[in-house]
Amino acid sequence: MYPLIKITMKIIVSMILFLLVTTGAFAQQDIISKVSNKYIYNNGITDVNKVNAILDSIDKNFFDPKYSPLMDKTLDKLSNNMSYHNIVYSVTVPLEGESLRSSWGSSVRYFGLLKISWAIQPTPAKSIEELTNWYIKTIYEFDKQENIVQEYVKNSNLDGSFIYNKEDNLISFTILSKTKNEMLRGNIIINLPENERSKFARDFIESTIFEPTDTSLISPDTGSPRTRDGSGRTRG
């Protein structure tokens, strides 16, 4: 199966399966009323044409052009059960002659698209391992297993996992709250170097907090998050 068709089918099937294994009311297009994450700083994209333009731009920079016409990925409308967001991931690249450990250097920004859904955890409750293994068997069964990267991310507040195929630009993730009966599942389409992909996925999951976003920390000028310094002040 051609790479572009495979990644498209993963996106479609993964979202259908998410609806089948979750229960309760959804709160899409308003994800920041449910969770906080430094990569999610507004209510998301509501224009289907903008989402299609972002997807087209990302894929054109990743796949061989000859695969583009094999499957139309254009969305007719946005799902009410999902929230769509721009993602920006910055990587510091040392300048010539600098050490890799240096905090200086030039910053390279990678742009992607996040598709995310919030829901009540399944009943009876399932572990992150059960959900992830089921997901792998269902979505990645026909992929070359040597190309599959799958990792768990756990801390005192959440259990998470991410999966991707080294030949795709799609990262699938599942996050379970340990303090609430809530979960997130979705995917991120982003053209990252292979050595940065797992690092980014771990950071995305670890940055998730199952509490509403504090909109007072969003810069009115840029729409991006402001951070607090040691004195309690905010930096734009």
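The values are calculated or read from the model by the stated rules, or taken from the named source; none is laboratory data. Keep in mind the model is a prediction, meaning the values are calculated, not measured. Quick reminder, even Gly has a Cβ in these numbers, built from the backbone with ideal geometry, and neighbours come from all protein chains shown. All accessible areas refer to the heavy atoms of the entire protein, side chains included, with ligands and DNA or RNA removed. Shrake-Rupley method; radii C 1.70, N 1.55, O 1.52, S 1.80 Å.
Of all residues in the stretch 157-169, those satisfying the criterion of being within 23 Å of residue 113 (Cβ to Cβ) and open to solvent by 10 Å² or more (accessible area, probe 1.4 Å) are 166, 167.
Residues considered: 126, 73, 66. Of these, the only one that is among the charged types (D, E, K, R), surrounded by 14 or more Cβ atoms within 10 Å (Cβ to Cβ) and at pLDDT below 80 is 73. Within the stretch 144-153, if we keep just the residues that are open to solvent by less than 70 Å² (accessible area, probe 1.4 Å) and either part of a strand (DSSP E or B) or at pLDDT 95 or above (or both), the residue that is farthest from residue 180 (Cα to Cα) turns out to be 148.
Here is a yes/no grid of residues against (1) more than 21 Å from residue 87 (Cα to Cα); (2) crowded, with 18+ Cβ neighbours inside 10 Å; (3) among the basic types (Lys, Arg):
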position: 155; (1), (2), (3): yes, no, no
position: 171; (1), (2), (3): no, yes, no
position: 178; (1), (2), (3): yes, no, yes
position: 183; (1), (2), (3): no, yes, no
position: 192; (1), (2), (3): no, yes, no
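Taking first residues from the stretch 99-128 that are within 24 Å of residue 43 (Cβ to Cβ) and partners that are modelled with pLDDT of 90 or more and of a type in the set (D, E, K, R), the Cβ contacts under 7 Å between residues at least 6 apart in sequence or on separate chains come to 117/185; 118/34; 118/182; 120/182; 121/182.
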